[in-house]
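Engineer: Please read through the structure below; I'll follow up with questions.
The values are calculated or read from the model by the stated rules, or taken from the named source; none is laboratory data. Note that the structure is predicted; figures quoted are calculated from it, not measured. Note that we place each Cβ from the backbone using ideal geometry, even for glycine, and neighbour counts take in every protein chain shown. Surface accessibility is based on the protein's heavy atoms, side chains included, excluding ligands, DNA and RNA. Shrake-Rupley method; radii C 1.70, N 1.55, O 1.52, S 1.80 Å.
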Amino acid sequence: ETLLGEPYEELTHSVQQEGYDLVVAGTRGHTALKQLVLGSTAKRLIHNCPASVWIVKDNEMRPLTSILAAVDMSDVSGRALSEAIWMAHQSGAQLHILHVVESTGLNARLLDSKVAAGADKTLRELIENEVSEQMQQFLSPITLDPQTTTKHLRWGSPAPETVHLAMEIKADLIVM
């Protein structure tokens with residue numbers, strides 16, 4: 001079907017009219033300046049489209065071997081994780097589940113200090129324990145294969161930490 005108009009608007013309208021579950025779109029990889037001036041159809045789809053959006057970069061396609069699911073333990077990230085699990089199962093890929101503890105601007109010395117006189121744990125350790133328990137509760141209704149699933153907990157800002165881990169594990173797909 002050929003549509004006339006602003007691409008992301010027409011695609012979003014088609015999703016609403018036809019009830020599609022997934023939009024697969026390519027990106028040309030414009031520079032940041034071109035994206036600022038021209039906008040990015042991919043970025044607009046991600047922000048506005050009511051269906052899941054899969055953005056394909058302009059490079060050689062190959063079978064999925066490593067999938068990264070970035071979760072914030074919200075309901076919507078749970079739905080994204082379900083899709084990542086399904087994709088990993090279908091493709092036989094390794095699944096990596098990432099949660100980032102937002103710590104931008106936090107004082108590292110404060111995080112590494114003992115929480116009370118005579119306490120055995122630092123504030124960082126207490127937070128990690130609490131977040132690990134929350135992650136366990138978040139994942140408890142889901143059956144994960146321990147042979148093909150790895151959980152990651154990182155500190156920092158979610159966007160750069162997701163990119164760093166994706167590069168480390170050579171992720172073929174990031175789901176969020």
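Engineer: Tell me the relative contact order for the chain as a rounded percent, counting alpha carbon contacts under 8 Å between residues six or more apart.
Structural biologist: Details: 211 pairs, mean separation 43.1, N = 176.
Worked out over the chain, it gives 24 percent.
Engineer: Follow-up question, since we're still on this one. Could you compute the FRET efficiency for residue 48 and residue 110, with r as their C-beta to C-beta distance and R0 at 41 Å, rounded to 0.05? Kindly include the intermediate steps, with their values, before the conclusion.
Structural biologist: Values: r = 39 Å, r/R0 = 0.95.
It comes to 0.55.
Engineer: Rounded to the nearest 20 debye, what is the charge dipole size of the chain about its Cα centre when +1 sits on each Lys and Arg Cβ and -1 on each Asp and Glu Cβ? Can you show the working numbers first?
Structural biologist: Details: 14 positive and 22 negative charges, 108 e Å.
Computed charge dipole of the chain: roughly 520 debye.
Engineer: What net charge is computed for the residues neighbouring residue 44, neighbours being all others with C-beta under 9 Å from the C-beta of residue 44, Lys and Arg scored +1, Asp and Glu -1? Walk me through the numbers on the way to the answer.
Structural biologist: Numbers: positive: 43; negative: 6, 9.
So the surrounding residues net to -1.
Engineer: Give me the one-decimal nm value for the distance between modelled label points at residue 20 and residue 1, 7 Å along each residue's Cα-to-Cβ direction.
Structural biologist: 0.8 nm
Engineer: I've got another one for you. Mind grabbing the accessible area of residue 120 for me, 1.4 Å probe, Å², rounded to tens?
Structural biologist: 130 Å²
Engineer: Local charge sum around residue 160 (other residues, Cβ-Cβ under 12 Å, Lys/Arg +1, Asp/Glu -1)?
Structural biologist: On the way: positive: 154; negative: 102, 161.
Taking every Cβ under 12 Å from that of residue 160, the sum is -1.
Engineer: Same structure, new question: For residue 148 and residue 72, compute 0.36 nm times the residue count separating them, minus their Cα-Cα distance, and round to one decimal in nm.
Structural biologist: 25.3 nm
Engineer: For every other residue with a beta carbon closer than 12 angstrom to the beta carbon of residue 121, add +1 if it is Lys or Arg and -1 if Asp or Glu, then tell me the sum. Kindly include the intermediate steps, with their values, before the conclusion.
Structural biologist: Values: positive: 114, 124; negative: 112, 120, 125, 128, 130.
Net charge around residue 121: -3.
Engineer: While we're on this one: What FRET efficiency would be calculated for the residue pair residue 164, residue 91, taking the C-beta separation as r and a Förster radius of 22 Å, to the nearest 0.05? Working shown, then result.
Structural biologist: Numbers: r = 23 Å, r/R0 = 1.05.
In this case the efficiency is close to 0.40.
Engineer: Run a plain Debye calculation on the chain (Cα atoms as equal point scatterers, no solvent) and give log10 I(q)/I(0) at q = 0.09, 0.14 Å⁻¹, rounded to two decimals, same order as the q list.
Structural biologist: -0.42, -0.90
Engineer: Taking the highest mean first, how do the peptides 104-114, 12-22 order by number of other beta carbon atoms within 10 angstrom per residue? The partial results should precede the final answer.
Structural biologist: Values: 104-114: 10.9, 12-22: 12.8.
Highest-to-lowest ranking by the protection proxy: 12-22, 104-114.
Engineer: Hey, can you grab everything whose amide H is under 5 Å from the amide H of residue 101? Only 5+ residues off in sequence or another chain; H modelled, so Pro and N-termini drop out.
Structural biologist: Those qualifying (amide H under 5 Å, at least 5 residues apart or on another chain) are 154, 155, 156.
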